[in-house]
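Peer 1: One structure, pasted below without further comment.
The values are calculated or read from the model by the stated rules, or taken from the named source; none is laboratory data. In this text the structure is predicted, and so the values were computed from the model without any measurement. We place every Cβ from the backbone using ideal geometry, glycine too, and count neighbours over all the protein chains shown. Surface areas here come from the heavy atoms of the whole protein model, side chains and all, with no ligands, DNA or RNA. Shrake-Rupley method; radii C 1.70, N 1.55, O 1.52, S 1.80 Å.
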Amino acid sequence: MQSVKGMRDLYGEELEYFQFIESVCKQVMHQHGYKEIRTPIVEHTEVFSRGIGDSTDVVHKEMYNFTDRSQRALTLRPENTASVVRALVQNKLMEHNDPLKLYYIGPMFRYERMQAGRYRQFWQIGAESIGVSTPESEVECLILLFQFLHRLGLKKLSLSINSVGMPEEREGFFIAFKSFFKSRSHQFCPDCLRRIEENPLRIFDCKIPTCQEALTDHPLLMNSLRQDSLDHHKQLKELLTAAEIPFTENHRMVRGLDYYTRTAFEVYSGELGAQSALLGGGRYDQLVHQLGGAQTPAFGWAIGLDRLVTLVQSHGKSSVQHPSSLFIPLGQTAFRLSLPWLTQWWEQGLNIHLETRSVPLKKSLATANRQQHQFALIFGDGEIEKGIVSIKNLTSGIQEECSLSEVEAYLNKNTNH
Ligand code: HAM
C-alpha cells in the first residue's frame, strides 16, 4: 500500500525541521501579538468558491471536492484565508472592532500537477492582520514575516510587490486590456481565452511561456488606479524603505486568488527556481463582507512550509539537535534499581532515553551510536555495588565513573541538555 500521490509521510530530519520552523514561528508571532487559530480542514465548498473565486485555477481545477453522506458539498481546504474569515464571521471575533491578528499552521490540499516543491497535501504557515486598512498595518505584517525568515537564517530573498487596485478601478483597465488581448488572441492558450471572459487578471497567472510572451507591452492596471490607491501604494513603498526591506515592483504579479485588493506581494528564493514563490499574500478588504460579515479590511500572507524546509535545510540554520544519552541497565535488578534515579533525572529535565530490551551491551552500544547519542550510561552489577554509573562518551570512546548523585551535574556540564 502506498500513500496517495502528492501526499507524503513526515518523519526524521525533515520533520525535525518542520518542528524547528514551527517553534521559531510561534516565538515571532507571540512577540508581535498574533494569536493562533485552528479551523477545520473541511469546509463547505461555498467558502472557497465564493471566497477565492470560481475563475481561479485553485477553485476551477485544484480543489478536493466531495459530498458527505448527507449530500453536503464539502472541500478539503486549499488555503486558509477564506476559512479564517468564515471563522471570524461565524464566531463574531471582530465584535469590538479592535484589530485582530491571527496565525495558523496546518495542511492544505490542492490537486496540482506534481513537480519539485509542489505537493497535493502541503503545509502553510500564515498570518492575517484583520481590521486595519493602512499601509502601516501592511508593513507591520511584512516586518514580522522578514523577522521570521531572518531568524531561520534566510537572507537571499526577493520581495515583489504590486497593487491590483479595487474591483471598481479595474473596469477601465479591463476595457483597455480586452482590446489589447483581441489584437493577439491567437497567441494565447484556450485557458486564457476562457479567462478573458471570466476574469482577465487571471491571464497574468498563466504559467505557459508563450502566453507570458504574448503579454509584452500590455496595458498597466496601475494606470487605472484612483489617487487614493496610488497614495496607498506609494506609502507602502516608503514604509518598506524605512523598515529596510528591499523590494521590486512587478506589475504582472496579480496572485492566483480573486480576493486581493490593492497590495499584492510574493517572495522568491533563487534556490527554489524562478517559478516557485516561497510565499505570497496581500490585502483583501472585501472578503469578510463577501463571506457574510461587515466591511472589514485585512492583510496577510502564507508561506509554503514544505518549500521553506527545503530552503532552511540547505541554506539556513540547522534545526537544533538536542543532545541525549542512552541509559543501559544490565539485567532486571539494574533496571528496577535505576527507575527512581531515572525519574529524578527526567524531572530535572535531562534527555535520557531508556534501553528496555534485554540484549548484550554491545548491541545497545551499537544502537546508541546509530541514534547519535552523546553518552551511554551503563549500569550493571559492578556499578550497583559502587553506587555509580559508567558514562561512555560515544564520540571519544572515553569511559568515566560517576556517582549516581553526580549524574545530573556531569551531564549538565558536558552537554547542552
Ligand atoms: P498562495 O500563493 O496560494 O496563497 O499560497 C501560499 C504559498 O503556499 C505559496 O507561495 C507556496 O509556497 C505554498 N504552496 C501553494 N501551493 C502549494 C503546493 N501545491 N505545494 C507546496 N506548496 C504550495 C495563499 O494560500 C493565500 N491564502 C495567502 C494569503 C494569506 N493571502 C492573504 N493572506
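Peer 1: For the subset of the stretch 64-122 comprising residues that are at positive phi and of a type in the set (S, T, N, Q), which member is farthest from the ligand (Cβ to nearest atom)?
Peer 2: Gln71
Peer 1: Is the stretch 221-240 home to any residue that is open to solvent by less than 60 Å² (accessible area, probe 1.4 Å), modelled with pLDDT of 95 or more, within 24 Å of the chain's Cα centre (by Cα) and away from the ligand (no atom under 16 Å from the Cβ)?
Peer 2: Checked against the condition, which is being open to solvent by less than 60 Å² (accessible area, probe 1.4 Å), modelled with pLDDT of 95 or more, within 24 Å of the chain's Cα centre (by Cα) and away from the ligand (no atom under 16 Å from the Cβ), the stretch 221-240 yields at least one hit.
Peer 1: Right, something else. Looking at the structure I just gave you, is Tyr64 surrounded by 20 or more Cβ atoms within 10 Å (Cβ to Cβ) and either modelled with pLDDT of 95 or more or of a type outside the set (Asp, Glu) (or both)?
Peer 2: No.
Peer 1: Give the residue that is nearest to the chain's Cα centre (by Cα), with candidates limited to residues of the stretch 102-136 that are of a type in the set (S, T, N, Q) and crowded, with 20+ Cβ neighbours inside 10 Å.
Peer 2: Looking at residues that are of a type in the set (S, T, N, Q) and crowded, with 20+ Cβ neighbours inside 10 Å, I get Gln124.
Peer 1: Can you find even one residue in the stretch 393-414 that is touching a residue at least 40 places away in the same chain (Cβ under 8 Å), surrounded by 12 or more Cβ atoms within 10 Å (Cβ to Cβ) and outside any helix (DSSP H, G or I)?
Peer 2: Scanning the stretch 393-414, I find no residue that is touching a residue at least 40 places away in the same chain (Cβ under 8 Å), surrounded by 12 or more Cβ atoms within 10 Å (Cβ to Cβ) and outside any helix (DSSP H, G or I), so the answer is no.
Peer 1: Give me the pairs, please: first residue somewhere in the stretch 174-202 and in a helix (DSSP H, G or I), second residue anywhere and of a type in the set (Phe, Trp, Tyr) and open to solvent by 20 Å² or more (accessible area, probe 1.4 Å), beta-carbon distance under 7 Å, and either six or more positions apart or on two chains.
Peer 2: Short answer, once both residue conditions are applied: Pro200/Phe174.
Peer 1: Looking only at the stretch 211-244, count how many residues are in a helix (DSSP H, G or I) and either of a type in the set (A, V, I, L, M, F, W, C) or under 27 Å from Leu157 (Cα atoms) (or both).
Peer 2: The qualifying residues number 20.
Peer 1: Please go through the stretch 123-136 and pick out each residue that is within 26 Å of Lys26 (Cβ to Cβ), small (Gly, Ala, Ser) and away from the ligand (no atom under 12 Å from the Cβ).
Peer 2: Gly131
Peer 1: What number of residues within the stretch 137-183 satisfy the criterion of being farther than 25 Å from Leu278 by Cα and open to solvent by 60 Å² or more (accessible area, probe 1.4 Å)?
Peer 2: Matching residues across the stretch 137-183 total 7.
Peer 1: Of the residues that make up the stretch 251-265, is at least one away from the ligand (no atom under 11 Å from the Cβ), touching a strand residue (DSSP E or B) at 6+ places or on another chain (Cβ under 7 Å), in a strand (DSSP E or B) and charged (D, E, K, R)?
Peer 2: Among the residues of the stretch 251-265, not one is away from the ligand (no atom under 11 Å from the Cβ), touching a strand residue (DSSP E or B) at 6+ places or on another chain (Cβ under 7 Å), in a strand (DSSP E or B) and charged (D, E, K, R), which makes the answer no.
Peer 1: Of all residues being more than 6 Å from the ligand (Cβ to nearest atom) and either buried (at least 20 other Cβ atoms within 10 Å of the Cβ) or at positive phi (or both) in the stretch 269-283, which is modelled with the highest pLDDT? Just the residue, please.
Peer 2: Here the residue is Arg283.
Peer 1: Still on this model: Taking into account only those residues within the stretch 288-309 that are over 20 Å from Ala116 (Cβ atoms) and among the hydrophobic types (A, V, I, L, M, F, W, C), which is farthest from the ligand (Cβ to nearest atom)?
Peer 2: Ala294
Peer 1: Would you tally the residues in the stretch 284-302 being touching a Leu at 6+ places or on another chain (Cβ under 8 Å) and either surrounded by 23 or more Cβ atoms within 10 Å (Cβ to Cβ) or not in a loop (DSSP other than H, G, I, E, B) (or both)?
Peer 2: 4
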